[in-house]
Amino acid sequence: MQRIAQLAADQQLPIEVRAVISDRADAKGLAVAKQMGIQTGYLSPKSFANRAEFDAALANLIETHAPQLVVLAGFMRILTPAFTQRFAGHLLNIHPSLLPKYPGLHTHQRALDAGDTQHGASVHFVTEELDGGPVIIQASVPVVPADTESTLAQRVLKQEHQIYPEAIRLYASGRLRYANHKAWLDANELVVPLQIYTTS
């Protein structure tokens, strides 16, 4: 979130970050946003009877800012179908694996346990299926013998900071869109995600 907001503030990303919203009052992103002069919002899931009520309130709060794009960045709750349908085609997420490998949690350790030689991150449109929406762009890093979950996560995070802004840039420029449950780039179906490979 901080990377995206800073790029926008420096006019290196053609967007306006209108608000940062969290389900955690102590989220670092809220403090960073306030320091940057960005509006913030907080909703506690404990204030609602169930996920559906929370997601409806969250969607209503988001819509008060009239966003053209909603970007999930460290938001760890599984969203209900009603929420994802409400923002269908305007909702992006980044996931720390080379989807469709390893949806869900603990992706770095799962890659190590499987003996993978490549690992990475994926930016995708959000749909009802957990981490299952059309993938837009991926970055790969090599897995080295000395890697731990922590070292691998750090290298993947560096790539996340590159590919998430790029996906947002493509969307903001009108080149990227979602239709018929698919991602489209320059009017062509994105059959294979854009790929970035690193050697370290």
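When T80, T107, T84, T117 are checked against the criterion of being touching a His at 6+ places or on another chain (Cβ under 8 Å) and of a type in the set (V, I, T), T107 stands alone in meeting it.
Residue-wise test of (1) not charged (D, E, K, R); (2) not in a strand (DSSP E or B).
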| site | (1), (2) |
| --- | --- |
| G115 | yes, yes |
| H119 | yes, no |
| I137 | yes, no |
| S140 | yes, no |
| V156 | yes, yes |
| E166 | no, yes |
| W184 | yes, no |
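Checked against (1) in the same structural domain as L176 (by TED's automatic domain parsing); (2) surrounded by fewer than 22 Cβ atoms within 10 Å (Cβ to Cβ), P81 passes all but a single condition, namely (1).
On the basis of being surrounded by fewer than 19 Cβ atoms within 10 Å (Cβ to Cβ) and under 20 Å from L7 (Cβ atoms), does L170 make the cut? Quick ask: steps written out before the conclusion?
On the way: surrounded by fewer than 19 Cβ atoms within 10 Å (Cβ to Cβ): no; under 20 Å from L7 (Cβ atoms): yes.
No.
From the list A57, A27, the lone residue that is crowded, with 18+ Cβ neighbours inside 10 Å, more than 20 Å from L170 (Cα to Cα) and outside the structural domain of N180 (by TED's automatic domain parsing) is A27. Just wondering, is there one or more residues in segment 128-144 that are more than 30 Å from A57 (Cα to Cα) and under 13 Å from the mean Cα position of the chain (by Cα)? Looking for residues that are more than 30 Å from A57 (Cα to Cα) and under 13 Å from the mean Cα position of the chain (by Cα), one finds at least one in segment 128-144, hence yes.
Between residues in segment 27-49 that are under 13 Å from L61 (Cβ atoms) and residues that are at pLDDT below 95 and not in a helix (DSSP H, G or I), which pairs lie under 6 Å by C-beta distance while being six or more apart or on different chains? Nothing qualifies.
If I filter segment 38-58 for residues that are within 28 Å of S150 (Cβ to Cβ) and either in a strand (DSSP E or B) or of a type in the set (S, T, N, Q) (or both), do I get at least one hit? Show your work before the answer.
Kept after step one, since they are within 28 Å of S150 (Cβ to Cβ), are these residues of segment 38-58: none.
No: segment 38-58 contains no residue that is within 28 Å of S150 (Cβ to Cβ) and either in a strand (DSSP E or B) or of a type in the set (S, T, N, Q) (or both).
The values are calculated or read from the model by the stated rules, or taken from the named source; none is laboratory data. Quantities reported herein were computed from a predicted structural model and do not represent experimental measurements. With ideal geometry, Cβ positions are generated from the backbone for all residues, glycine too; neighbour counts draw on all protein chains shown.
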